[in-house]
Amino acid sequence: MENNISYNSSISQEQSDIFLIETENYWDLLTPSSGYTENKRLKYPIVSLSSKEIYIREKFAKEYITQIISFSGKLIDASKSFFKELNPTLVFVKVNEVLGSLIALEPSSLTTDLTEDRSVFFKTSINGYNIYLELFFFTTSETLDSEAILNIYKDKLNIYAFGGEVFECIEKIKQEVILSHQTYLYENELSDTPYSKQIL
Amino acid sequence: MNYPIHLIPNKSYNKIKWHTDLNNHYLIRFTDSEDFKDNDGKIKVTSIRSEHVSDFSTNLLGIFTVKDIYIEICGPDKIYFNNDWKVGTEVNIPKYEKDFKYNLIRGYFFLYIYDLQNTVFAKYDDATKIALHCQVIHTPKNWNFWHFSLRWFYDSLDLNTCPSKNARHRILSSAKAFIIEKAIIIKEPCYQELDAIHYMNK
């Protein structure tokens with residue numbers, strides 16, 4: 001806590017705590033169970049966290065708008081050909097959810113393409129993992145069913161494959177990519193401390 | 001313009017059986033346009049046409065050179081030239097403009113055989129529990145002896161015999177991810193010709 005004061009002495013401890021709570025609430029609403037907040041709380045002091053969070057929110061919004069505009073154009077084109085039997089609004093809603101979830105994981109790259117198999121193929125990199133998520137659509141007149149296929153690569157090797165509902169795939173990405181990366185960082189940071197060297 | 005005769009199957013050739021020597025060789029695959037790279041430095045999924053994935057056509061680099069990738073078979077005998085070559089038979093030579101043309105808007109990428117052959121490219125952690133592996137198979141055509149296919153297997157079953165739609169989706173999707181992951185697009189690799197003992201009749 002002393003660190004917080006040294007960053008900006010004009011902000012009281014109480015004010016910092018309130019701001020932190022508000023920021024976390026906002027972030028949790030935006031990305032439920034993203035696992036992001038816990039990570040940053042460990043690594044950054046409160047005042048630094050707040051500015052970081054503001055930056056992240058702006059970055060999220062920019063990336064999200066870019067992706068949605070790009071995808072909308074592709075969907076309009078595909079709706080005239082291989083996506084014409086699908087309801088574009090329902091496709092858009094589904095893809096919108098996936099894009100929001102993936103962007104919240106702070107990918108270093110993200111591309112979205114529509115394929116002739118009536119699928120949307122997401123290609124993204126997060127924490128050095130290459131992630132391929134394909135969403136196949138099946139249609140009826142009123143509803144839109146889908147099946148998601150997930151493949152995760154690390155160092156050119158497939159480390160995980162899964163097929164199921166899209167929310168399950170997003171959870172698997174968090175487990176395999178975000179949580180394992182946090183564990184890796186934690187273990188490596190700990191191993192560099194004088195305390196861990198004493199133990200060793 | 002003459003057809004590059006080094007691509008034509010010769011009566012004295014045999015089909016190439018799998019041998020570890022092939023591990024040091026590269027395959028080349030064309031894309032429909034030169035614009036096939038994404039901003040992330042990988043190939044675009046749209047450059048891998050889904051209908052082609054189940055039996056993914058490539059060519060063995062060596063006697064087949066990079067400039068041969070621009071050859072496009074066309075015309076009324078297209079089916080004949082794209083048919084599998086039967087060992088010991090002579091084939092017609094494609095004629096320029098009637099049977100083949102040069103399609104210079106194509107792009108291309110490379111695959112290293114060592115990265116592909118018998119590689120398990122997905123083990124599903126779901127109800128299906130399927131494990132998939134890739135095989136590199138020599139599939140010579142009447143227009144091109146150096147044609148190879150990538151085929152996808154679960155257990156010992158070929159994707160093309162797969163009755164389940166769910167399993168088929170998994171295999172196709174994983175195969176696309178695998179090709180994107182393994183594709184070499186940055187520079188042309190240093191390649192060599194395959195030793196003739198692997199395809200010449202004794």
Residue-normalised value, i.e. accessible area per residue, for the stretch A:78-126 at 1.4 Å probe, in Å², stands at 38
Please sort by residue number the chymotrypsin sites (Phe, Trp or Tyr not before Pro) in the stretch B:108-141 whose DSSP state is loop and whose Cβ has at most 10 other Cβ atoms within 10 Å.
none
Bin width 5 Å, alpha-carbon pairs only: give the P(r) of the stretch B:115-202 as whole percents, running from 0 to the bin holding the largest distance.
3, 11, 19, 20, 16, 13, 10, 6, 2, 0
Can you pull the percent of the stretch B:58-202's accessible area that's carbon plus sulfur, 1.4 Å probe, other chains left in place?
53
Note: B:48-54 gets an average of partner chain Cβ contacts (10 Å, Cβ to Cβ) equal to 2
For A:THR66 and B:LEU104, extending 7 Å from Cα along the Cα-Cβ vector and measuring point to point gives, in nm, a value of 3.5
Averaged across the residues of B:32-43, what count of C-beta atoms belonging to other chains lies within 10 Å of each residue's C-beta?
2
Could you tell me which of rounded, prolate or oblate describes the stretch B:10-158, using a ≥ b ≥ c as the square roots of the eigenvalues of the alpha-carbon gyration tensor, with rounded for a/c under 1.5 and, failing that, prolate when a/b is larger than b/c and oblate otherwise?
oblate
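Using packing as a proxy for protection, rank B:187-199, B:140-152, B:8-20, A:145-157 so that the peptide with the highest average count of other Cβ atoms within 10 Å comes first.
Output ranking for B:187-199, B:140-152, B:8-20, A:145-157: B:140-152, A:145-157, B:8-20, B:187-199.
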Can you work out the accessible area per residue across the stretch B:28-146, with the rest of the protein chains kept in place, probe 1.4 Å, in square angstrom?
46
For the residue pair B:TYR96 and B:ALA127, what label-to-label distance in nm results when each label sits 7 Å from Cα along the Cα-to-beta-carbon direction?
5.9
Enter the mean number of other protein chain beta carbons within 10 Å of the beta carbon of each residue in A:151-164, as an integer.
6
Inter-part gap, Cα centre of the stretch B:141-202 to Cα centre of the stretch A:82-153, in whole angstrom, is 26
Among the listed pairs A:LYS94/B:LYS37; A:LYS123/B:LYS141; B:LYS11/B:LYS101, give every one whose C-alpha distance is greater than 28 Å.
A:LYS123/B:LYS141
With a 1.4 Å probe on protein heavy atoms only, work out how much accessible surface B and A bury together, total over both chains, in Å² to the nearest 100.
2300
Cα-derived Rg to Rh of the stretch B:41-113, Kirkwood definition:
0.97
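The values are calculated or read from the model by the stated rules, or taken from the named source; none is laboratory data. Values in this document were obtained by computation on a predicted structure and should not be read as measured data. Ideal geometry is used to build each Cβ from the backbone, glycine not excepted, and the neighbour counts take in all protein chains shown. Ligands, DNA and RNA are stripped out before the accessible areas are found, and what is left, the full protein with its side chains, is counted by its heavy atoms. Shrake-Rupley method; radii C 1.70, N 1.55, O 1.52, S 1.80 Å.
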